[in-house]
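Contents: one structure, followed by commentary.
The values are calculated or read from the model by the stated rules, or taken from the named source; none is laboratory data. The model shown is predicted, which means the values in this text are computed figures rather than measured ones. Cβ sites come from the backbone with ideal geometry, for glycine too, and all protein chains shown count toward neighbours.
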Amino acid sequence: MLYAVTNRAPLRPMEDVVHETLPSVDVIVPCYNEHPDTLAACLASIAAQDFAGRMRVYVVDDGSQNHDALAPVHLAYARDTRFHFIVLPKNVGKRKAQICAIRQSSGDLVLNVDSDTTLAADVVRKLTARMYDPAVGAAMGQLIASNREQSWLTRLIDMEYWLACNEERAAQASFGAVMCCCGPCAMYRRSALKLLLDKYETQYFRGKPSDFGEDRHLTILMLQAGFRTEYVATAIAATVVPDRLGPYLRQQLRWARSTFRDTLLALRLLPHLNSYLTLDVVGQNLGPLLLALSIITELAELATTDAVPWLTPAVIASLTLIRCSTAAVRARDVRFLGFALHTPINIFLVLPVKAYALFTLDNSDWLSRTMTKASLSGLPQTNHRPSACPQDVIPRQTPAVATGVDQLLNRSTPQLVASDSICKGDL
């Protein structure tokens, strides 16, 4: 991090730049077995964007088993001409659902948003401002946990996201090469996407289709094509994070497999980037493995000799204290001192998961694509006819809904206004 700060590239102007013609933006929201309330909050936050240019929203139902429960959410936005709904007859995966909407849309910029994510009202405007530089192929916003107060784990994950965004991504952005524009909120240049879409759709690992880690893979493809990738700290997106250790560790397993796979792809890219990024990528991949080896060595010494190993625990404790104290100062939030609790979780749970991921790279199971009973409870049945990749939209009314992320940020919340026209789904 110190290397990144002392060698950072000149900052480029962003939010306050005035342009005569605003680019058009297509917002794509893949949805699979999402809870209706969560999807409603996501769409409400998109509808409330203060972006003055043309914006269209493509919600892709990826063969959800609870599509009848989601139909009232779709109905709420059918009269908003910006919204288009695509219902796939079967589950094809997040990546192919995104591509389906990308190929049917035409905006200058494409914003991918996860269905469990809510955006601050200025996210589209701020990300679009960063994309005015034609050398920029992708830009991501800052992620926070929308359910931060739900449990001790969600509080730790929220701090983990802050550190990942405002240390790791911010340092990488200093060199125009964020190595992963995170899936919950990332904007791409369509002209760049057109060049990369076939490669993005047909990623294979050892002869097998690779379906997860689509955000990291697309980012690497952007960098390989010669585009810059950026981080916009003021474009804030709140996403739902796991509140229990089981789902959290499954998520870490999926992410670790993706990181290891795409690191192999990124190795050929690193010689063309700043040397800091080589250090960063190598450290992210070898660091956890070397830490695990060090701990195993210390345990072996404890088991075979009378000496009590103290060097490794002392170094880990010191580095933890330094990192947490630095984060508390930078964020001006004393709660980051509590992030020290993440260290034993990382050592005794996450590290073994990463080691397991390294030896099971061929496995492409999402491990989380299931539907909860809550997704179906208390909602009326509708005749929402599924279609293939072509459009399928039902006329709907638009309620006034508050955006969750603005409430988190203590901002005023605009309301949705129904349009007189009916979306015909002419994608």
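Take the residues in segment 133-185 that are of a type in the set (Ser, Thr, Tyr) and not in a helix (DSSP H, G or I); name whichever of them is nearest to Trp255 (Cα to Cα).
Taking segment 133-185 as the starting set, the residues that turn out to be of a type in the set (Ser, Thr, Tyr) are 146, 151, 154, 161, 174.
Keeping just the survivors that are not in a helix (DSSP H, G or I) gives 146, 151, 174.
On the way: Ser146: 20, Ser151: 22, Ser174: 24 Å.
Ranking the candidates gives Ser146 first.
Yes or no: segment 135-154 includes at least one residue that is buried (at least 18 other Cβ atoms within 10 Å of the Cβ), of a type in the set (S, T, N, Q), out of contact with any Gly (no Cβ under 9 Å at 6 or more places or on another chain) and closer than 21 Å to Gln49 by Cβ. Yes, some residue in segment 135-154 is buried (at least 18 other Cβ atoms within 10 Å of the Cβ), of a type in the set (S, T, N, Q), out of contact with any Gly (no Cβ under 9 Å at 6 or more places or on another chain) and closer than 21 Å to Gln49 by Cβ.
Of all the numbered requirements in (1) out of contact with any helix residue (DSSP H, G or I) (no Cβ under 8 Å at 6 or more places or on another chain); (2) of a type outside the set (S, T, N, Q); (3) buried (at least 24 other Cβ atoms within 10 Å of the Cβ); (4) within 17 Å of Ala266 (Cβ to Cβ), Gly176 misses one, and that requirement is (3).
The one condition from (1) touching a Phe, Trp or Tyr at 6+ places or on another chain (Cβ under 8 Å); (2) over 25 Å from Leu273 (Cα atoms) that Arg206 does not meet is (1). Within segment 92-117, residues that are touching a residue at least 60 places away in the same chain (Cβ under 8 Å) and at positive phi have Cβ atoms under 6 Å from residues that are surrounded by 19 or more Cβ atoms within 10 Å (Cβ to Cβ) and outside any loop (DSSP other than H, G, I, E, B) in no pair, counting only partners at least 6 apart in sequence or on another chain.
The residues listed here are Ala4, Ala9; of these, the one that is in a loop (DSSP other than H, G, I, E, B), closer than 24 Å to Val232 by Cα and at pLDDT below 95 is Ala9.
The residue of segment 285-305 that is nearest to the chain's Cα centre (by Cα), among those that are among the polar types (S, T, N, Q) and loosely packed, with under 15 Cβ neighbours inside 10 Å, is Thr297.
Exactly one residue among Ala71, Ala78 is among the aliphatic types (A, V, I, L, M), in contact with a Cys (Cβ under 7 Å, 6 or more places away or on another chain) and modelled with pLDDT under 95, and that residue is Ala78. Of the strands (runs of 3 or more DSSP E) lying entirely inside segment 13-123, those containing at least 3 residues that are over 19 Å from the mean Cα position of the chain (by Cα) and not polar (S, T, N, Q) span 83-88.
Does any residue of segment 288-302 turn out to be under 22 Å from Asp158 (Cα atoms), out of contact with any Phe, Trp or Tyr (no Cβ under 7 Å at 6 or more places or on another chain) and not polar (S, T, N, Q)? The answer is yes, given that some residue of segment 288-302 is under 22 Å from Asp158 (Cα atoms), out of contact with any Phe, Trp or Tyr (no Cβ under 7 Å at 6 or more places or on another chain) and not polar (S, T, N, Q). In segment 186-276, counting only helices (runs of 4 or more DSSP H) that sit wholly within it, the ones holding 1 or more residues that are more than 23 Å from Thr118 (Cβ to Cβ), of a type in the set (Val, Ile, Thr) and under 19 Å from the mean Cα position of the chain (by Cα) span 214-224, 245-266.
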